[in-house]
Amino acid sequence: MTTADLVILGGGSGGYAAAFRAAELGRSVILIEKDKLGGTCLHRGCIPTKALLHAAEVADTARAGGQFGVRATLEGIDLTGVHAYKDSVVSRLYKGLRGLADAHKVTVIQGRGTFVGGTTVDVEGTPYTGRSLVLATGSHSKSLPGLELGARVITSEDALRLDYVPAKVVVLGGGVIGVEFASVWASFGAEVTIVEALPRLLPAEDEFSSRQLERALRRRRIRVRTGATFAGARQDERGVSVMLESGDTLECDVLLVAVGRGPNTAGHGYEESGLELERGFVATDERLRTNLPDVYAVGDIVAGPQLAHRGFAQGVFVAEAIAGLNPPPIDETGIPRVTYSHPEVAAVGLTEAAAHEKYGTGVTTLTYDLAGNGKSQILKTWGAVKLVQAPDGRVVGLHMVGARVGELVGEAQLIYNLRLLPEQIAPLIHAHPTQSEALGEAHLALAGKPLHTHA
């Protein structure tokens, strides 16, 4: 089959979601992927990284067993075993994904696709044409001008394959990727320094979350250098010298370059076919339509938060839009965000600064410390929940720091996306003892009836 109702270029989270949903809606689908179904998230990003983070949590638990009356010692980190565990998780999910593609009767074409105009993609000389075309070619790890990657200057994808734990690591970039790998290596026993040019870690999150996280990382003896501008690096067989504009030089065994990800829009025939790009991203409207008829774009090639679940939601949205279901546009502020470091950072909605910018005066906030939450004390975690309230009373921002708070973001996104008032949330009963009670307690306080918080 070389023609179909829908042709999709890219088999990552956005691409395969569009394929499966379109197939459910009775459309014939051709999905083109140069590598493996699942894309960066499954094979080189979200899943393997979180597997490493879980292994790191196990190491921390073993090391801290005495705090819980459990006599345990950590003999060391067997990276061969860690990688075997990580790869087995990826392999099982990949096998399941291929099975779903077969079950949905999606035709998967393996090969490098080039957009050649209209709604046609050429794969090694064979054209595939759809009534509609979805572009979903994902992103790549960025570097800095003049910084040469090598055996000791690596990206996150290289870090996932590293077969030893470096004694000293410098992480260039204090965003999500940098913080997560810093957390892994510190748990594995490395001496870690994070270098971030901006004034704080996780600059896209609420300043409250950044402060809480930095304080927690320093407790873990992770060095944090914010407001520090990178000037250059020299690597040899012994290690890497990292120079800062301040004149300081940091010596390390490995330099991780975690300065963000760029859209994969070069080399796919986009510009040559007349597709409009803005700063390297594919330009779309709120319904993810490009400037070309019947051509859509989803995922990391569309400017905005580069999250696998965002791409997934966009893929579903586009498939339903093409099928004529007229789904509502996605509110990107309502997409949950989680950094899976130790401790975790989770959020949905507006930061306090963004709320002030949008609403002006009348924005209020409330912070509930996890010291008052029983399950958090059992877990020996630290952190807090911060709520941002709009002048009309709605909760428009929820920000959480602490162990496992990523599991609370599902309830948090319901609160934001359903535009709920504290008075509507306060009566809800949260199981005891759970960390979800922290959300309940915070909303009780915001509704004017604090029980485990000071008035």
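Here are a few things to note about the model shown:
- Ellipticity estimate at 222 nm from DSSP helix runs (n ≥ 4, -39,500 (n - 2.57)) divided over the chain, nearest 500: -9500 deg cm²/dmol
- Under a 5 Å amide H cut-off, with hydrogens placed 1.01 Å from N, Ser139 pairs with Asn264 among residues at least 5 apart or on other chains.
- Longest exposed-site-free window of the chain, the sites being GluC sites (Glu not before Pro) in a DSSP loop that have at most 15 other C-beta atoms within 10 Å: 287-455
- Residue by residue, region 207-216 carries 3J(HN,Hα) couplings of 4, 4, 5, 4, 5, 4, 5, 4, 4, 5 Hz when phi is fed to the Karplus relation 6.51 cos²θ - 1.76 cosθ + 1.60 (θ = phi - 60°); x denotes Gly or Pro.
- Remark: relative contact order (the chain) = 15 percent; criterion is Cα-Cα distance under 8 angstrom and separation of 6 or more residues.
- Calculated SAXS-style log₁₀ I(q)/I(0) at q = 0.23 Å⁻¹ - region 73-119, Debye, Cα scatterers: -0.90
- Debye log10 I(q)/I(0) for the chain, one point scatterer per Cα, at q = 0.07, 0.08, 0.11 Å⁻¹: -0.40, -0.52, -0.98
- Couplings 3J(HN,Hα) for region 141-148, derived from phi with the Karplus relation 6.51 cos²θ - 1.76 cosθ + 1.60 (θ = phi - 60°), are 5, 8, 10, 10, x, x, 9, 8 Hz, where x marks Gly and Pro.
- The largest accessible area among Met400, Met243 belongs to the first residue in Met243, Met400, and the rest follow in falling order (1.4 Å probe, all chains).
- For Val134, residues with placed amide H under 5 Å, excluding near neighbours: Val7, Ile8, Leu9, Tyr296
- Residues with amide H under 5 Å from that of Lys168, placed H, sequence gap 5 or more: Glu191, Asp253, Val254
- Taking all protein chains as shown and a probe of 1.4 angstrom, Val259 keeps an accessible surface of around 50 Å².
- Distance violations [Cα-Cα > 24 Å] among Lys142/Lys386; Lys36/Lys86; Lys50/Lys142: Lys142/Lys386
- Under the Karplus curve 6.51 cos²θ - 1.76 cosθ + 1.60, θ = phi - 60°, whole-Hz ³J(HN,Hα) for region 61-71, x wherever Gly or Pro sits: 5, 5, 5, 9, x, x, 5, 10, x, 9, 7
- With contacts taken as Cα pairs under 8 Å and at least 6 residues apart, region 299-455 reaches a relative contact order of 20 percent.
- Solvent exposure ordering (accessible area, 1.4 Å, most first) of Lys50, Lys386, Lys36, Lys95: Lys95, Lys36, Lys50, Lys386
- Share antiparallel - DSSP beta bridges, the chain, percent rounded to 5: 60 percent
- Packing rank of 373-383, 135-145, where each peptide gets the mean count of other beta carbons within 10 Å, highest leading: 135-145, 373-383
- For a straight C-alpha distance cut-off of 14 angstrom, the aspartates and glutamates reachable from Lys380 (same-chain residues fewer than eight places away being disregarded) are Glu57, Asp60, Glu344, Asp369.
The values are calculated or read from the model by the stated rules, or taken from the named source; none is laboratory data. Values in this document were obtained by computation on a predicted structure and should not be read as measured data. All Cβ positions, glycine included, derive from the backbone under ideal geometry; neighbour counts span all protein chains shown. The protein model used for the area step is the full one, side chains on, heavy atoms only, and it has no ligands, DNA or RNA in it. Shrake-Rupley method; radii C 1.70, N 1.55, O 1.52, S 1.80 Å.
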